[in-house]
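The structure appears right after this line, and notes come after that.
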Amino acid sequence: MAVKPILNIPDSRLSEKSHKVKEITPEVKKDIQDLLDTLMVAEDPEGAGLAAPQIGITKRICVVRQFFEDPLDPAKTLHEDIVLINPKIFSTSEETTIDWEGCLSVPDTYGKVERYSKIKVTAMDQDGNLIKLKADDLLARVIQHEIDHLDGILFTQRVVGQTLSEKALDQLFNGASLA
Ligand code: ZN
């Protein structure tokens, strides 16, 4: 188990384009484990995904977190971490959604970003098998955010309108969530 420090802006490594993974070597397996371990301890704020360049590894590997309801207790949310190697979006919906995003590499900053509502992705899994994945809603958003990291793009480059601190965002939601 190795928890790595998460790089923050303005670290220039976050702007680099990552390299394709050609085969699953022991080094790649270690990188994947480091990503999973680091995401696991990222609690405040909690991460919905993590890309290898965020821990200083310029390889096209990311982990995305899929949240679902606990079948035994609907009040609880469980999650599963999905490893995507060389992920590539091969199909998107025409529909897009604008919603709030944050990033473990951009502390205390939130902004609205437009993303495809639904995507289809190909990737390699940890065993080197080619997988296809359909994603919508939050998972689709997280995958697009993580693939951007692999291309050296931060969500702040895509923000529509202003960015807010966590405090300002909380105030906005507390004021608006009276339904
Ligand atoms: Zn991010």
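Computed quantities for the displayed model
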{"quantity": "Members of the range 87-106 found to be in contact with a Ser or Thr (Cβ under 8 Å, 6 or more places away or on another chain), of a type outside the set (D, E, K, R), over 19 Å from L14 (Cβ atoms) and not in a loop (DSSP other than H, G, I, E, B), listed by number", "calculated": "F90, T96, T97"}
{"quantity": "Qualifying position, being in contact (Cβ under 8 Å) with a residue 40 or more places away in the chain, in a helix (DSSP H, G or I) and open to solvent by 70 Å² or more (accessible area, probe 1.4 Å), among K29, K17", "calculated": "K29"}
{"quantity": "Near pairs, Cβ below 9 angstrom, 6+ apart or cross-chain, from the range 75-99 (touching a residue at least 60 places away in the same chain (Cβ under 8 Å)) to any residue that is polar (S, T, N, Q) and not in a strand (DSSP E or B)", "calculated": "I85/Q126"}
{"quantity": "Residues of the range 84-121 satisfying the condition of being more than 16 Å from the ligand (Cβ to nearest atom) and within 22 Å of P5 (Cα to Cα)", "calculated": "I85"}
{"quantity": "Whichever residue in the range 1-14 is within 18 Å of D151 (Cβ to Cβ) and touching a Gly at 6+ places or on another chain (Cβ under 9 Å) and, among such residues, is surrounded by the most Cβ atoms within 10 Å (Cβ to Cβ)", "calculated": "L14"}
{"quantity": "Failed item, numbered, when N86 is tested on (1) open to solvent by less than 60 Å² (accessible area, probe 1.4 Å); (2) touching an Asp or Glu at 6+ places or on another chain (Cβ under 7 Å)", "calculated": "(2)"}
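The values are calculated or read from the model by the stated rules, or taken from the named source; none is laboratory data. A quick note: this is a predicted structure, and the numbers were derived from the prediction, not measured. Quick reminder, even Gly has a Cβ in these numbers, built from the backbone with ideal geometry, and neighbours come from all protein chains shown. To get the accessible areas, we keep the full protein, side chains included, count just its heavy atoms, and leave off ligands, DNA and RNA. Shrake-Rupley method; radii C 1.70, N 1.55, O 1.52, S 1.80 Å.
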